[in-house]
Amino acid sequence: MRLLIMGPQGVGKGTQAALLSKRYGIPAISTGDIFRYNLKNQTPLGVQAQTYMDKGQLVPDDLTNRIVEDRLGMDDVRNGWILDGYPRTIAQVHALDDMLAQMDQQLDHVIALEASREVLFKRMEKRAKEEGRPDDTPAAIRERLETYDRETAPLLDVFEQRGKLLSVDGVGEVDEINQRIIQGLS
């Protein structure tokens, strides 16, 4: 099974990806984790990404695509994967399409977790307090949610048109949300 899990920050993508990973025996792959791995291990792709990050710039799509493609080519993903945090732009959707075609694979489902702004703010404020995350300030949260709305949310329409989208209410107990996803995938 090859899945994308999408939604705004604070909706619970990482939590649900981990649960689905256990259930289906496939790795949950966070693009943030891929970047950290490449940076920590000073891989050629990580060294390239670091040059942009050192300047305070976003890593360009083409480099992000190569980092994701490298990860999807590893042995542990042969039987499937759950990708969290990619794609974020329409160019990345097309790049993923190309990657999957080259690998003779197809995307099975796109899970879109949904929650109101109020719920997302409360969750991220709680996370900031519990985890001491300095990037979860109200202004930063607002900016990330606006970026999601502007750049990533429109991708859901693309996947809906392809018949791949599964929209799931991301509010409630973690296990309830997980059961909604599993039922939708069945």
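Points to keep in mind about this one:
- When restricted to residues that are at positive phi and touching an Asp or Glu at 6+ places or on another chain (Cβ under 9 Å), segment 167-186 contains 0.
- Residues that are part of a helix (DSSP H, G or I) and polar (S, T, N, Q) were ranked within segment 1-16; the one that is modelled with the lowest pLDDT is Thr15.
- Top-ranked residue of segment 87-133 - restricted to ones that are in contact with a helix residue (DSSP H, G or I) (Cβ under 9 Å, 6 or more places away or on another chain) and part of a strand (DSSP E or B), ranked as surrounded by the most Cβ atoms within 10 Å (Cβ to Cβ): Ile111
- Pair list, Cβ under 9 Å, 6 or more apart: segment 70-89 residue farther than 22 Å from Pro44 by Cβ, other residue β-branched (Val, Ile, Thr) and exposed (fewer than 15 other Cβ atoms within 10 Å of the Cβ): Arg88/Thr147
- Residues satisfying the stated conditions in segment 38-79, i.e. among the small types (Gly, Ala, Ser) and on the phi > 0 side of the Ramachandran plot: Gly56
- Taking segment 34-65 as the range and being modelled with pLDDT of 85 or more, exposed (fewer than 15 other Cβ atoms within 10 Å of the Cβ) and among the charged types (D, E, K, R) as the test, the residues that pass are Lys40, Asp62.
- Looking across segment 32-86, the residues that are among the charged types (D, E, K, R) and part of a helix (DSSP H, G or I) come down to Asp33, Arg36, Lys40, Asp54, Asp61, Asp62, Arg66, Glu69, Asp70, Arg71, Asp75, Asp76.
- Count of residues meeting criterion [free of Cβ contacts under 8 Å to residues at least 40 places away in the same chain, within 22 Å of Arg88 (Cα to Cα) and part of a helix (DSSP H, G or I)] in segment 152-184: 3
- For Val68, the conditions (1) farther than 22 Å from Val168 by Cβ; (2) within 16 Å of the chain's Cα centre (by Cα); (3) at pLDDT 90 or above; (4) surrounded by fewer than 17 Cβ atoms within 10 Å (Cβ to Cβ) are fulfilled apart from (4).
- None of Gly73, Gly80 is over 14 Å from the mean Cα position of the chain (by Cα) and more than 19 Å from Thr15 (Cα to Cα) except Gly73.
The values are calculated or read from the model by the stated rules, or taken from the named source; none is laboratory data. No experiment lies behind these values; they were computed from the predicted model shown. Neighbour counts are summed over all protein chains in view; Cβ atoms, including those assigned to glycine, are modelled from backbone coordinates with ideal geometry.
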